1. If you plug each phi of segment 57-73 into the Karplus form 6.51 cos²θ - 1.76 cosθ + 1.60 with θ = phi - 60°, what whole-Hz ³J(HN,Hα) values come out, in order, with x for Gly and Pro?
2. Could you give the accessible area per residue of segment 6-127, probe 1.4 Å, as a whole number in Å²?
3. Distances longer than 15 Å among the Cα atoms of segment 61-121: what percent of all pairs is that?
Amino acid sequence: MPESEVRIRVRYKETDNMGVVHHSNYVNYYEVARTEMMRGRGLSYKEMEARGVMLPVREVQLNYLAPAYYDDLLTVRIRIAERPGVKLRFEHEIYNEAGDLINTGTVVLVFVDAVTRRPLRAPQGVFGTVRFLNRFRQAAVVGSGIFRTARNPEAVVLPKVRTGRMEGTQ
């Protein structure tokens, strides 16, 4: 599965009075890594949303192993944990400058049609194939029409999820 990493310098505003990174900032670090991973492989959230596919966060789990401090240079490693279906699961690891693992976590996103707000399977040829998972760039060409949604019905067919509610909703 694809992996990527990004370096982030801890800013003063991300710390508390003791100079320790506030726990809420780790989710932001995950998002930076996720966005840059996709962008580095030729696909952006902006493009997907323009084509009618959204990826809202469904679940976040974090494990704090050691603190990070003001001005630390952190390395955020990210990987797609499994072949996407309706859900897209990322695993994250954050290391400090000494190379110590200080945080781990997962983020689960759900593919959703932007108009109907209904869950979708991963768009075929994008996240739906192992080939894409190994080489995002080939499938992610601007204007390629690789998504079919209510906004863009002429594009390639997206398999629909079973009718009914998403897991965990009422």
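The values are calculated or read from the model by the stated rules, or taken from the named source; none is laboratory data. Given the structure is predicted, the values throughout are model-derived calculations rather than measurements. Keep in mind that these areas ignore ligands, DNA and RNA; they rest on the heavy atoms of the full protein, side chains included. Shrake-Rupley method; radii C 1.70, N 1.55, O 1.52, S 1.80 Å.
1. For segment 57-73, the Karplus-derived couplings read 6, 9, 8, 9, 9, 10, 10, 8, 9, 7, x, 10, 10, 3, 6, 5, 9 Hz, x marking Gly and Pro.
2. Dividing the accessible area of segment 6-127 by its residue count gives 49 Å².
3. Every Cα pair in segment 61-121 considered, those over 15 Å come to 58 percent.
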